[in-house]
Amino acid sequence: MKAPYEIVVAGDREVAISNPRKVLFPQPGYTKLDLVQYYLAVAPGALRGSGGRPNMLVRYPNGVANEFFYQKRAPESRPEWIEVVTIRFPSGRSADEVVPRDAAALAWLANLACLELHPHPVRAEDLDHPDELRVDLDPVPGVKWPQVRKVGLLVHEVLKEFKLAGYPKTSGKRGVHIYVRVKPLWTYDEVRRCALALAREVERRAPKLATTKWWKEERHGVFMDYNQNARDRTIAGAYSVRPTAEATVSAPIKWDELESCDPRDFTLKTVPLRFKKSGDPHEGIDRRAYSLEPLLELVAGQESEGQGDAPWPPHYRKARDEPPRVQPSKKKVPLSASVDQLRTRSRARKA
């Protein structure tokens, strides 16, 4: 016997939902059909964040309590109206990734138990020039939400000083993402370098609260992950449902909401009601694209002070002025230095 399915209507298309009653979130009991209806309810906002861009998919076919997988390549079995574009990765490989354009595409993806959309910061029409700079605030273990909020508000202050507009959203977990629409005139490497310069400026102003240290053993407070702007790096898109017990959502917010909101309040159940009542806080994000020239001047100033590049993720080519890509605790110590350290320790014990 074939598994039951249900037809949902999205615009002028019909999308078949297989196993619509399959539970994806055991604690609240949310089903696959609930996920589909959620994405239909917030489709204008979700498409504003992920639409027209190649997306990596994060799928939970048997629910959040079971195994999941990342899928870069679009399923070969797909409707003819699902658009794809070929993405080339730093490894030299390539893949055809899904480019959602309408609510029907979101419903089709939700039927795959795709909870999260991970859009690249480029449009499908120009895959080499990002139109989005991303600030990813990732708190280290033990750091509470109030500190993340403080760092987020400081990022807002710095962006304004550089005549840039940032649009914040909760990550759906413990962090905050901030988007800046930029003119698609610069390469991935240039956008990443600007994100690094911005993060360093925030760190300079609040060194006890924020860090740009790439190696986990050196981090404290809130890590500003500048490498999320490197080619092939993605974060959960606006309105993506996260694989938490409560089905929290990566929810766009306004800056004044950041001062008081609790990210746990944004869920698969509550966000559609909020969207219907108040609309999308990021509705104006595409009205203006900004120049990176002010941040490029900041980059030049930092370089003149001796601040070159920072470590890249593994598997990326070595950058011209990148420091050694070696975990600090695993760096080799010159033999002479090792002897001096032993002598110092010996004197300390005798004292």
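With the checklist (1) within 26 Å of Met224 (Cα to Cα); (2) out of contact with any Lys or Arg (no Cβ under 6 Å at 6 or more places or on another chain); (3) modelled with pLDDT under 95; (4) not aromatic (Phe, Trp, Tyr) in hand, flag the one item Glu283 doesn't pass.
(3)
Suppose we keep only residues that are charged (D, E, K, R) and part of a helix (DSSP H, G or I) within the stretch 287-306. Which one would you say is farthest from Gly49 (Cα to Cα)?
Glu303
Tell me which residues, restricted to the stretch 281-307, are loosely packed, with under 13 Cβ neighbours inside 10 Å and either of a type in the set (Gly, Ala, Ser) or under 15 Å from Arg204 (Cα atoms) (or both).
Answer for the stretch 281-307, where residues must be loosely packed, with under 13 Cβ neighbours inside 10 Å and either of a type in the set (Gly, Ala, Ser) or under 15 Å from Arg204 (Cα atoms) (or both): Gly284, Ala300, Gly301, Ser304, Glu305, Gly306.
Looking only at strands (runs of 3 or more DSSP E) that lie completely in the stretch 1-73, which have at least 2 residues being surrounded by fewer than 21 Cβ atoms within 10 Å (Cβ to Cβ) and without any contact (Cβ under 8 Å) to a residue 12 or more places away in the chain?
So the answer is 5-10.
Kindly indicate whether Pro324 is modelled with pLDDT under 95, in a loop (DSSP other than H, G, I, E, B) and surrounded by 15 or more Cβ atoms within 10 Å (Cβ to Cβ).
Against the criterion (modelled with pLDDT under 95, in a loop (DSSP other than H, G, I, E, B) and surrounded by 15 or more Cβ atoms within 10 Å (Cβ to Cβ)), Pro324 does not qualify.
Taking the stretch 212-249 on its own, how many of its residues are farther than 18 Å from Ser171 by Cα and in contact with a strand residue (DSSP E or B) (Cβ under 6 Å, 6 or more places away or on another chain)? Talk me through it step by step, then tell me what you get.
Going residue by residue through the stretch 212-249, those that are farther than 18 Å from Ser171 by Cα are 212-220, 230-232.
Retained after the next criterion (residues that are in contact with a strand residue (DSSP E or B) (Cβ under 6 Å, 6 or more places away or on another chain)): 212, 219-220.
Of the residues in that region, 3 qualify.
Can you confirm whether the stretch 145-168 contains a residue that is crowded, with 19+ Cβ neighbours inside 10 Å, part of a strand (DSSP E or B) and at pLDDT 95 or above?
Yes, some residue in the stretch 145-168 is crowded, with 19+ Cβ neighbours inside 10 Å, part of a strand (DSSP E or B) and at pLDDT 95 or above.
With the structure loaded, tell me whether Lys183 is surrounded by fewer than 21 Cβ atoms within 10 Å (Cβ to Cβ) and farther than 22 Å from Arg231 by Cβ or whether it fails that test. Don't jump to the end; show me each part of the working.
Working: surrounded by fewer than 21 Cβ atoms within 10 Å (Cβ to Cβ): yes; farther than 22 Å from Arg231 by Cβ: no.
Criteria not met by Lys183.
The values are calculated or read from the model by the stated rules, or taken from the named source; none is laboratory data. Quantities reported herein were computed from a predicted structural model and do not represent experimental measurements. No Cβ is skipped: glycine too gets one built from the backbone with ideal geometry, and neighbour counts run over all protein chains shown.
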